[in-house]
1. Counting only protein heavy atoms, probe 1.4 Å: which residues of region A:66-113 lose 40 Å² or more of accessible surface in the full assembly compared with their chain by itself?
2. For a Förster distance of 30 Å, can you work out the FRET efficiency between the beta-carbons of B:Glu135 and B:Gln190, rounded to the nearest 0.05?
3. Using the Cβ atoms and a cut-off under 14 Å, what net charge is assigned to the surroundings of B:Met216, where Lys and Arg are +1 and Asp and Glu are -1?
4. For chain A, set up a GNM with springs between Cα atoms under 10 Å and report which of A:Ala66, A:Ala115, A:Ala43 has the largest fluctuation.
5. What does the structure give for B:95-102 when I average, per residue, the other chain Cβ atoms found within 10 Å of the residue Cβ?
6. Can you tell me the Rg and Dmax of the protein assembly as shown, counting just the alpha carbons, in angstroms?
7. At a Förster distance of 22 Å, what's the computed FRET efficiency of A:Trp33 paired with A:Phe175, Cβ-Cβ distance as r, to 0.05?
8. Which of B:Leu254, B:Met154, A:Gly213 sits closest to the plus end of the dipole of the protein assembly as shown, meaning its Cα is farthest towards the positive end, when Lys and Arg get +1 and Asp and Glu get -1 on the C-beta?
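The values are calculated or read from the model by the stated rules, or taken from the named source; none is laboratory data. Fair warning: this is a prediction, and the values are worked out from it, not measured in the lab. Here the Cβ positions follow ideal geometry from the backbone for every residue, glycine too, while neighbour counts run over all protein chains shown. SASA here: full protein model, heavy atoms, side chains in, ligands and nucleic acids out. Shrake-Rupley method; radii C 1.70, N 1.55, O 1.52, S 1.80 Å.
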Amino acid sequence: MNRQARRAYDLLYLLTFRELKLRYQDTIFGYLWSLIRPLLQGAVLYVVLSKFIRIDVEDYGLVLLAALFPWTWFQTSLTLCVGSFTSNGALIKKVYFPRFVLPFSTVLNNGVQFALSIPVLIILLAISGYTPNWTWLVGIPYLIAVEAVLIMGIVLFIASLDVYFRDLEHLTDVFVGLIWFYLTPVIYPLSIVPDKYHDWILALNPMASLVEGWRDLFLQNQVPGLSMLPALAFAGGFAVLGSLSFRQMQGGFADAL
Amino acid sequence: MRSDIGGDVALALDGVSKHYSLSLQKEASDLKSMLLHLPRFLSNARRPFVALDNVSLRVRRGESLGIVGPNGSGKSTTLRIMAGITPPTSGKLTANGRVVGLLELGSGFHPQITGRENALLNAVLLGLTLAEAREVLPDIVEFSELGQFIDQPMRMYSSGMFFRLGFSVAVHVQPEILLIDEVLAVGDAQFQEKCMNHIHGLRSRGVTLVLVTHDMLSVPKFCDRAVLLEQGRITDEGTPQQVVHGYLARVEALLALRVEEQQQLKVAQAVAP
């Protein structure tokens, strides 16, 4: 590893853990807060959808959580990272350092939170009779890697663009939280969506095949193969788009901020 | 970037210009004003501002260069280009060696974490690897003289303590080329003395230094050579004494002119009915 790459890696590590530390500092429940939020959200959605609306899905609670946890990583990262460069203007104007570490450390920090929630999911699965399977050993790192690449590509793109186009912060918030969330099979499995919408959702929404992949892994013990193609394609596409746009735009950051 | 500039040159600017466009985007940053100013917005009218105009400069290895000039003459822009923070609009920057820019002390310090943790992160931010930063951390802590405060969150720090830690980190990141923008006068007289000695120490070890300052006394003290920047151009160059004297003489002449103008104005007012 050359010196620049080494330093970028070190910065990423230091910033990720600084954020983790700051998040839990002076709180009584600390790390538990990372679990309480998605679990509470899961519980509310479970009661409303399963008991009130009476969605007819076997083990709905687990179907929900297996998708909700990875989705939360995605959504939090996008909403937090879109302003990564914009909100660190003072630093960017005064010090030269690899700037991509700013959004990436937030992605990783939220990735750690997600990783820490996996054991909770595994316990809940085990209680319901889904015993841990060796395919999980392959599937978990694989899906984490795909999701990480997808998120990093997207945030690098939107965070760079946000420096010149601040509306993007509001746009991201609205689009991801209000539209993308409902168009992704999180609170419902893809199987109950009428066939005519299936292909559209899968083809246009990388998160659809990804969360379905997480479900397949935990509930069917399948390491997703071809079905993950859209997520893989989008991840690759955004990785290219993100790094190209960042390279193109980052020179102007110090002047534009 | 090792290239054609020759081994004894640490830093070279070749015909460097920097233009900022003070665009109308600012005025038209929301929908209402965008619609109100639609013709101008569409024509993308911009007021160009030339911060640096075709500046060529060579800093030799181990040399210490002072840059003086009035506010807004492009000194800080020059330093930012040298540090790689912003690219020149045209022209070329070449650096032979590791550049550390000290444009502000304590950039990125976070008030909620301890001085020690901040120092480590700051050192990596300024150019060290984590392993190197861990190695020099004891020196940084000792130099800062913060005692037990080093393990307190930085929100407890006085501004003097804040800058002392910032300076301590900055001088321990082992630059080959050190760029300093007005950050020498920190802490009390005793700590300032220590900083000055440290800078002299770096110089005697062959570190190349570029110093931007308004403190005309420190230029002859620290620099082998000085340039005067005015309105984005180099208007004088030579020994520090020479350049500083020339600059001060011009400032004085300018002041005298103003006083004279004002007196004439008063006389004119008194005469007028």
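1. Buried by 40 Å² or more upon assembly, which counts only protein chains, are A:Leu91, A:Lys93, A:Lys94, A:Val95, A:Tyr96.
2. Details: r = 27 Å, r/R0 = 0.90.
That pair, B:Glu135 with B:Gln190, gives E of 0.65.
3. Numbers: positive: B:Lys75, B:Lys221, B:Arg250; negative: B:Glu182, B:Asp215, B:Asp236, B:Glu252.
The answer is -1.
4. Maximum fluctuation in the GNM of chain A, among the listed residues, is at A:Ala43.
5. Numbers: counts 0, 0, 0, 1, 1, 2, 3, 2.
Going residue by residue through B:95-102 and averaging, the value is 1.
6. Values for the protein assembly as shown (Cα only, Rg and Dmax): 28.8, 103 Å.
7. On the way: r = 26 Å, r/R0 = 1.18.
According to the calculation, E is roughly 0.25.
8. B:Leu254
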